[in-house]
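K.L.:
The structure that follows is given in the form of structure tokens.
Please treat every number below as a calculation from the coordinates, not as lab data. Remember, it's a predicted structure, so these values are computed and weren't measured experimentally. Cβ atoms come from the backbone with ideal geometry, glycine included; neighbour counts cover every protein chain shown.
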Amino acid sequence: MSTPRFLPATRHVLTALTVVGALTGCAKAAATTEAATAATLTVVQGNYQSIQAGKELPASIILRVTDKTGASMTGIPVTLVVTEGGGTVTPASGMSDAKGEYTAKWTVGPTLSDNQLRAAVPGLDPVKVYAVGIVPSDIIVAQGNNQTAKVGASLPTSIVMRVVGAGNVPMSGVTVLFQVVGGGGSISPQSAVTSTLGEVTVKWTLGLSAGVQTAFVSASTLTPIVLTATATP
């Protein structure tokens, strides 16, 4: 069987096709690289939230990675780093999903402060996300002040106190203390921890002396509140 022989012109054609194929492959690789480096990172949800210091923000942080046409990019590595205020973010790194999105939960630092999170994707400038940690600032009488009952009797309506921070944000997990200072009687319980609404509820039983009776309510370093009730014979 004879070996095929190629004419010089045929060899030139095959060589040209090989070069074209190689260039096409390079062009595709270059286009892919260009699309990846042209991506943008944006905050879709969760920026500029406020929450009690040391607590997890109510809304998740959602970031989106897109290419230069605005199309979502899947499988892009995203890294999150807390840069101000302390606190933690979970998960701190991972890949963008099928929507080009990356979702994380952020717990702000334990003190009153501005909190900052830096989100980064390879080849892009970092994006900053902001939050504010709030601490207790006021005790409010939500219900039950200035009631009247017979001496030795419990007030008809429970006492409800609310602890809030700036913007009336409820403060949970705060210990509130109650102390009768005039007229005798008792408050039960004498201390309680605020709920997710920032509230505690107690019952006040009046003393045996007719007239105005008073109690102090305090929490941490906040200015105490004075409650009053009137005992009738």
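K.L.:
List R118, R162 from most exposed to least, where exposure is judged by having the fewest other Cβ atoms within 10 Å.
P.N.:
If I rank by nearby Cβ atoms, fewest first, I get R118, R162.
K.L.:
Let me ask you something else. With just the Cα atoms of the range 138-232, tell me how far they stretch along each of the three principal axes, in Å, largest first.
P.N.:
Taking max minus min along each principal axis of the Cα atoms, the range 138-232 gives 39, 22, 20 Å.
K.L.:
So what are the range 40-134's ellipsoid semi-axes, whole angstrom, largest first, if each one is the square root of 5 times an eigenvalue of the alpha-carbon gyration tensor?
P.N.:
25, 11, 11
K.L.:
Give me Y102, Y130 ranked fewest to most by other Cβ atoms within 10 Å of their Cβ, as a rough exposure proxy.
P.N.:
Y130, Y102
K.L.:
If you don't mind, there's one more thing I want to ask. Of K105/K128; K55/K99; K55/K203, which sit over 19 Å apart, Cα to Cα?
P.N.:
Beyond 19 Å between Cα atoms: K55/K99; K55/K203.
K.L.:
Further question: Using each residue's phi in the range 193-205, evaluate 6.51 cos²θ - 1.76 cosθ + 1.60 at θ = phi - 60° and report the 3J(HN,Hα) Karplus result to the nearest Hz, with x for Gly and Pro.
P.N.:
9, 4, 7, 5, 8, x, 10, 10, 10, 9, 10, 10, 9
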